[in-house]
Amino acid sequence: MPFDRHHTRPDWTICDRKVDMSDVWIEEMDPEGERGEEVTAFMDSADLIASNDRHEDVHVTGMKLVGICISDGSTPVYRDREWCVNKLGVDVVWRVEEYEMEA
């Protein structure tokens, strides 16, 4: 069997937080809920710049999506942040990150 980097567990799966983002995945990729995939998001702590109520930049600690694991009960598929941004869109990635920062 040839090497498939999407089925090999990447180093970024060792992270600060793992969260279920199946609901977001279904909403974006499988609105009919036909595939039954479960998706785990891998998040790392990150120093971010945000604006306060006076529109000043402040440094905050937040969560950054580093990748996901898509599982349908067979072999899991791993996708990195770049794939997520390209396939799901940056707004979806930011929404997942923002939700985790509020958690």
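Taking each DSSP H run with n ≥ 4 as -39500 (n - 2.57) and averaging over every residue of the chain yields -8000 deg cm²/dmol at 222 nm. Loop sites here are trypsin sites (Lys or Arg not before Pro) outside DSSP states H, G, I, E and B with no more than 16 other Cβ atoms within 10 Å. The longest part of the chain free of them is 55-103. The mean accessible area for residues of the chain, using a 1.4 Å probe and ignoring ligands and nucleic acids, is 69 Å² per residue. Computed over the chain, the P(r) curve from all C-alpha pair distances, binned at 10 Å from the origin, holds 14, 43, 29, 10, 3, 0 percent per bin. Ranking Pro31, Cys15, Ala41 by Cα position along the charge dipole of the stretch 11-50, where only Lys, Arg, Asp and Glu carry charges on their C-beta atoms, puts Cys15 farthest toward the positive end. Sparse packing (at most 11 other Cβ atoms within 10 Å of the Cβ) combined with a DSSP loop state is found for the following GluC sites (Glu not before Pro) in the stretch 8-87: Glu32, Glu34, Glu56. Taking the chain as a Gaussian network of alpha-carbon nodes connected by springs under 10 Å, the highest mean-square fluctuation of the residues Asp72, Asp44, Asp57 belongs to Asp57.
In a reduced charge model with +1 at each Lys and Arg Cβ and -1 at each Asp and Glu Cβ, the chain shows a dipole moment near 420 debye about its Cα centre. In the chain, the portion of solvent-accessible area held by carbon and sulfur atoms comes to 47 percent [1.4 Å probe, whole percent, DNA, RNA and ligands not counted].
The values are calculated or read from the model by the stated rules, or taken from the named source; none is laboratory data. None of these values were measured; they are calculated from a predicted model. Every residue, glycine as well, gets a Cβ built from its backbone with ideal geometry; the counts of neighbours run over all protein chains shown. We work out accessible area using only protein heavy atoms, side chains counted, and drop any ligands, DNA or RNA first. Shrake-Rupley method; radii C 1.70, N 1.55, O 1.52, S 1.80 Å.
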